[in-house]
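The values are calculated or read from the model by the stated rules, or taken from the named source; none is laboratory data. What you are looking at is a predicted structure, and each value in this text was computed from that prediction instead of being measured. When we count neighbours, we look across all protein chains shown, and the Cβ atoms used for this are built from the backbone with ideal geometry, even at glycine.
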Amino acid sequence: MDFRQEDDKDFVTEINEDNADVVSELNNVAKTSAKSFLFDLLFYAILIFVSIYIIPNFILQRTIVDGESMENTLSDNDHLYVEKVSYRLNMLDRFDIIVFYPFGRDNEEYYVKRIIGLPGETIQIKDGLIYIDGKILEENYGKEPILDPGRAANPIVIGDDEYFVMGDNRNISKDSRYAVVGNVAKKNIGGKAFFRISPLKEFGPID
């Protein structure tokens with residue numbers, strides 16, 4: 001009888017130990033699951049933040065062309081991707097197409113134009129030709145010969161953080177030739193248009 005009681009006690013002890021192991025294992029699994037859940041939650045929160053704030057504000061943005069001032073290169077309602085890195089790193093070049101805010105970033109209105117004059121250069125338009133620092137600019141982006149030089153009838157010195165822009169459809173474009181737009185300050189540039197995503201027949205890089 002005493003032996004049976006001892007055996008029963010040992011059996012109960014083993015069961016309790018097994019239960020303790022199971023409970024401990026379940027606790028470990030629960031802790032691991034909680035850590036995994038928190039990690040996933042943090043990962044997706046960062047992903048959402050990058051997608052909603054970082055990318056559209058500092059890397060890439062989608063823009064729609066409004067009007068015909070960039071024909072024949074771009075047409076009304078073309079959908080473009082604009083990258084926001086080049087201008088921050090002073091990597092914009094002549095003939096790049098940029099999106100900018102002519103009336104400052106506090107105003108939502110934006111223009112899409114091509115860079116013609118770079119910081120520090122002197123630009124003038126005579127007899128339908130563009131002169132940069134006294135030399136004729138060789139280019140073939142203009143849809144038609146320039147009829148109105150605007151304020152560029154006289155030499156214009158471009159500031160250190162400024163660009164002179166024009167639309168490819170020169171005779172209907174409101175651009176740096178006119179005082180209402182003027183030279184484009186770097187701080188008002190939104191980015192460089194580099195890829196057209198719509199219409200599909202024009203899908204691809206922008207020249």
Please work out which one of (1) outside any loop (DSSP other than H, G, I, E, B); (2) surrounded by fewer than 17 Cβ atoms within 10 Å (Cβ to Cβ) is the condition Val180 fails and give its number.
-> (1)
Of all residues in the range 107-142, which are part of a strand (DSSP E or B) and of a type outside the set (A, V, I, L, M, F, W, C)?
-> Tyr111, Lys113, Arg114, Gly117, Thr122, Gln124, Lys126, Tyr131, Lys135
How many residues of the range 65-98 are outside any loop (DSSP other than H, G, I, E, B) and under 18 Å from Gly142 (Cα atoms)? The answer is 2
Unique match (being closer than 16 Å to Asp207 by Cβ and assigned by TED's automatic domain parsing to the domain that holds Asn183) among Asp127, Asp133, Asp96, Asp148 = Asp96
What about Ile156, is it modelled with pLDDT of 95 or more, farther than 12 Å from Lys113 by Cα and buried (at least 17 other Cβ atoms within 10 Å of the Cβ)?
-> yes
Taking first residues from the range 69-90 that are in the same structural domain as Leu118 (by TED's automatic domain parsing) and aliphatic (A, V, I, L, M) and second residues anywhere that are surrounded by fewer than 15 Cβ atoms within 10 Å (Cβ to Cβ) and assigned to a loop (DSSP other than H, G, I, E, B), the pairs with Cβ under 8 Å that are 6 or more apart or on different chains are Val85/Met91
